[in-house]
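What follows is a set of notes on a single structure, which appears directly below.
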Amino acid sequence: MTARADFLARIRREVAKTTGQVAASTAPRPPHPGAAADAIRRELAERWPQALERFRQEFERVAGIFHRVPTVEAAPPVIAAIARERGARNVVTWDPGALGFDPAPALAREGLAVAAVSAGQESEAARVRHRAEAAAAQLGVTGADFVLAETGTLILLSGAGRPRSTSLLPDVHVAVFGRDRLLESLEQVGVMLEALHVDPDRATSGAMINFITGPSRTADIELTLTRGVHGPKEVHAIFVEAP
Amino acid sequence: MSDAALRTPFPERASAALKDGFLQEALTIATTKFIDLRRESFAGFPQGEALRDQARAIKEATLQRLDAHLDRLADNVERLGGVVHWATTAEEAREIVLRLARDRGVRMAVKSKSMATEEIDLNEALEHAGITPIETDLGEYIIQLAHEKPSHIIAPAIHKTKGQVAELFSRELRGQFPADPEVLTAVARQALREKFLQADMGITGANFAVADTGTVVLVTNEGNGRMVTSLPRIHVAIMGIEKVIPSMSDLVVFLAILARSATGQKLSSYTTLVRGPRRAGELEGPEEFHLVLLDNGRSRQIASTLREALYCLRCGACLNVCPVYRQIGGHAYGHTYPGPIGILLTAMLKGNESVRELAHASSLCGACKDVCPVRIDIPRMLIELREHLDRDKIAPWGERVVFRAFRRLLMSEPAFRLSARAGRLLQRPFVRGGRLRGLPLLFGRWTRTRDLPPVAARTFRERWKDLR
Amino acid sequence: MATPVRASLMITCLGDVFFPEVGVAMVRLLRRLGVEVDFPEGQTCCGMPLFNSGYHHDAAEVAARTVRLFERAEHVVVPSGSCAWMVKTEYPGLLRHAPALRAAAESLARRTYELSQFIVQVLGLGRVESSFVGKVTYHDSCHLLRGLGESASPRALLRSVPGVELVELPGADQCCGFGGSFSVRLPEVSSAILDKKLANVEATGARCLVACDAGCLMQMGGGLTRRGSAVKAVHLAQVLAGEADA
């Protein structure tokens, strides 16, 4: 293996040979990402109905299934119905704190086995148990940290109480979100990502961010589209109206 | 492609591809579909053109300070608890991964699709060391089982029919599977799910790495990219140095156009941002994150004519529109990277001699440049490559003699006129029905399949006096 | 009375030797449109075959010669998109090491036009009278389409002829497989590409295939006659001059 200094020195030498190249600039960055993010949030606080409608269209275009409930209490019955229809017996969910509600009681009443993650329990034993639960679940319930209307995308931050596999291992993924998550454009996502990374350890407790745009898919065999290759076959988004 | 196969001259490999009926049909269907998807996607995306310009500018700007960005990337990755490795050559990169795997007792590694790992022949090295690499991208899984190489940058098994895949799965996975993509996908899902959960190591490439934050970005559709970076205890990402970009603001510019260019999607199903190993509060995620930065001939191009090839996003759009690729497919090119950009990348990674024949595998039609998301001027660089082949005397001596003679002819109008007259005389035995057929030597290559118009009884310049 | 537009013909090597009738049609057409046409003697070729195959020193010599030959031309009209592209786009770069020649090349680039662009941009004509009658289809030559950004003028001119029925060619923007020396370096690939093109051509039901490039016409015309097709490959100039059956 080459030493870092030598590796970079070689590149520097090559770069130095190319002075006088065409002037080119990188993308403009918000000078105050936090303030820019706040401004976007204020804008979306007004525009959320349009953003939501756009999201629904784009989400459905990528085969997402959209639901709308008046309050967060109305979400668990919808989740239960989805589980019933898909013949799911085991459900895994994020920590209720991360979800903003606790679906476990309602789901358990429907006869579903619910494995809810608890933030703050990251022992090796907890890891092993969680992996088994996630692998055995047919349905996973998460929140969504950002919901992008332009492309029908759910953006999930991993972290304490919000494991990565909840939206990955089960056949069905259900994401529950409210109006405060909506964003309209990829450009706005860029601002949010800039803001998040100003002090990332404060903004998030995890190392992964996943953009999820519809179910897992492939067209590797004769360009025929199939879903549910490794990730979920179905993605549901439940919008909770009440702010 | 094996060295033995590479000893077959490229024109012969191309001919064999032309005669492969399955391949021809598969290529037509797949490339046509990709072309339509991309066109539709950009048709409904008026900002697309400006974003392509911006993406190209970002790549150029990044190259102008590449060392600084890589330095910053490394600092940030290390700050997060990741380890950065610096691989000048393919061999070094292989060694790094092998040593890591051996030291950590890795027996099985799951891989997400990575052209960089193909480029360095990582799988073979792992297998020789007794470590099992499992390709998990469906297309890569298929070709791994078939002991083949990928034939397209983003759709590796594009050359296989569903019947061939069914036969392959039935044989290798010991079952009886119908030629139904849904069924076959489900078979792969089940077979690979176990592997994800049991693997010791996950190996990926990287579509981008954000210097500002130490984030590695994977653009995928199947979910295997997420599995491989969350379930095994070690994640190794192998990345060409040219993939670094400065900031998150730059990232979203590329995300806006990459999937559209590759498959016509607005975004791929999954875009995964990995910032080091798992954090303290996480139940899942690797304990270790390793980033292998790969040079393998790239830095040498920063100050050369192939510089623009370093902008490449590996989207495959140029393959889909290339009249040559569409006829012969990826394997005939004989190297890791096929298609228009593949010729440039091969020259970059293996030297000009390696593209002695491939540099001419292009009609210079320019369709590739038209669709490249970062507007790489591939035809221009192919011409430059050809210039290097002449300058460095790699082009065959006979060819160089012919072209020099041709120039002398063009520099003298009397000589030019004389050759026309000579042509008129010499062609007589071959004129049939006002067309030339069955010509000998070089011209025979034309007349085997096409007529030639004969040298006119009176050339234009001879008729000019009557028109004057 | 306005001074007539003066144009010098760059006939191209293929045009001179294999398609003189195209040059003749062009001269007659331009004269009918009020253009004074001359033909600088001594011209041979733009040098593109040398350039494309990487023989740039040689191509530069040919470029320098051409630049001098057309020094005094008010306009240079070329019946070939690829040759016009070569002069307009590549000559200045090829001659960059000789400042005077480079300046002359830049001047030539500004004065050079492919035929349809000349008619539409310089003569300002959107329509041409022609006696041609028949169904035609049009192929976009790569260098005219992508090199010079031109796809509208040839079509507009064709449509303007009352007797012409223009049928759009599926995949019109796809390469015909000529590519200069490509056609003999990789003849089988070139022919396979050509077959796809001609299948599309014949499916249009057109009686003439029109193009603005001698290389494309050689390739496609050669394929059409070899398969005994009823479709005739002709140059735009021939249709507009009413000489497509010549």
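Averaging the sequence gap over all C-alpha pairs within less than 8 Å and six or more residues apart, then dividing by the number of residues, gives chain A a relative contact order of 26 percent. The C-alpha atoms of chain A define a longest principal axis, and helix A:33-61 lies at about 60 degrees to it.
Since only C:L14, B:G130, A:A134 are under comparison, the one whose Cα sits farthest along the positive direction of the charge dipole of the protein assembly as shown, derived from C-beta charges on Lys, Arg, Asp and Glu, is C:L14.
For chain B, the longest principal axis of the alpha carbon atoms and the long axis of helix B:162-172 meet at an angle near 50°.
Each part reduced to its alpha carbon centroid, the stretch A:188-209 and the stretch B:153-173 end up 40 Å apart. Under a model in which nothing but the beta-carbon of Lys, Arg (+1) and Asp, Glu (-1) is charged, chain B shows a dipole of about 2780 debye around its Cα centre. A dipole drawn for the protein assembly as shown from +1 and -1 charges on Cβ atoms has a positive end, and of A:N210, B:L385, C:P4 the residue lying farthest that way is C:P4.
Between A:F66 and B:A16, the modelled label-to-label distance comes to 5.2 nm, taking each label 7 Å out from Cα in the direction of the beta carbon. Candidates A:V91, A:Q21, A:G111 compared by Cα position along the dipole of chain A: farthest toward the positive end lies A:Q21, with charges placed on Cβ.
Below 8 Å, C-alpha to C-alpha, sequence gap of six or more: please give me the relative contact order for the stretch C:134-240 in percent. After rounding, I find 33 percent. The residues packed around B:A259, meaning those with a beta-carbon under 11 Å from its beta-carbon, carry a net charge of +3 if Lys and Arg are +1 and Asp and Glu are -1. Here C:S181, A:S167, B:S268 are placed in order of increasing Cβ neighbour count within 10 Å, fewest first, which gives C:S181, B:S268, A:S167. Residues C:K197, B:K393, C:K88, arranged from fewest to most other Cβ atoms within 10 angstrom of their Cβ, appear as B:K393, C:K88, C:K197. For chain A, a simple Cβ point-charge model (Lys and Arg +1, Asp and Glu -1, everything else neutral) yields a dipole of about 540 debye relative to the Cα centre. Let me know the shape class of the stretch A:33-240, please: from the alpha-carbon gyration tensor, a ≥ b ≥ c as square roots of the eigenvalues, rounded when a/c is under 1.5, otherwise prolate if a/b is greater than b/c, or oblate. In terms of gyration-tensor shape, rounded.
Let a ≥ b ≥ c be the square roots of the eigenvalues of the Cα gyration tensor of the stretch C:5-122; is it rounded (a/c under 1.5), or, if not, prolate (a/b larger than b/c) or oblate? Cα axes put the stretch C:5-122 in the prolate bin. Absence of a disulfide-compatible partner, taken as no other cysteine beta carbon within less than 4.7 angstrom, is noted in chain B for B:C312, B:C315, B:C322, B:C372.
Its relative contact order, with pairs defined as Cα atoms under 8 Å and 6+ residues apart, puts chain C at 20 percent.
GNM on chain C, alpha-carbon springs under 10 angstrom: the most fluctuating residue among C:S131, C:S53, C:S151 is C:S53. Once the gyration tensor of the Cα atoms in the stretch B:45-296 is diagonalised, the equivalent ellipsoid follows with semi-axes of 29, 23, 16 Å, ordered largest first. Relative to the 2.2 N^0.38 Å rule of thumb, the stretch B:308-391 has a C-alpha radius of gyration ratio of 0.96. In the protein assembly as shown, the C-alpha radius of gyration followed by the widest Cα-Cα span (Dmax) gives 30.9, 100 angstrom.
Shielding value for B:19-26 is 1, the average number of Cβ atoms from other chains within 10 Å of each residue's Cβ.
Once the Cα atoms are used to define both axes, helix A:75-85 deviates from the longest principal axis of chain A by about 80 degrees. Going by how many other beta carbons lie within 10 Å of each one, how would you line up C:T204, A:T71, fewest first? Exposure proxy ranking, most exposed first: A:T71, C:T204. Pairs of Lys residues in the stretch B:45-296, spaced 8 or more positions apart or belonging to different chains, with C-alpha separations under 14 angstrom: 4 in total. Note on B:K393: lysines with a C-alpha under 22 Å away, same-chain residues under 8 apart excluded, are B:K350. Please label the shape of the stretch C:134-240 as rounded, prolate or oblate, based on the square roots a ≥ b ≥ c of the eigenvalues of the alpha-carbon gyration tensor (a/c under 1.5 means rounded; beyond that, a/b larger than b/c means prolate, else oblate). Oblate, because a/c is 1.5 or more while a/b does not exceed b/c.
Every number here is computed from the coordinates shown, using simple stated rules; none is lab data. As the structure is a computational prediction, the values presented were derived from the model and not from experiment. Because the Cβ atoms are built from the backbone with ideal geometry, glycine has one as well, and the counts that use them run over all protein chains shown.
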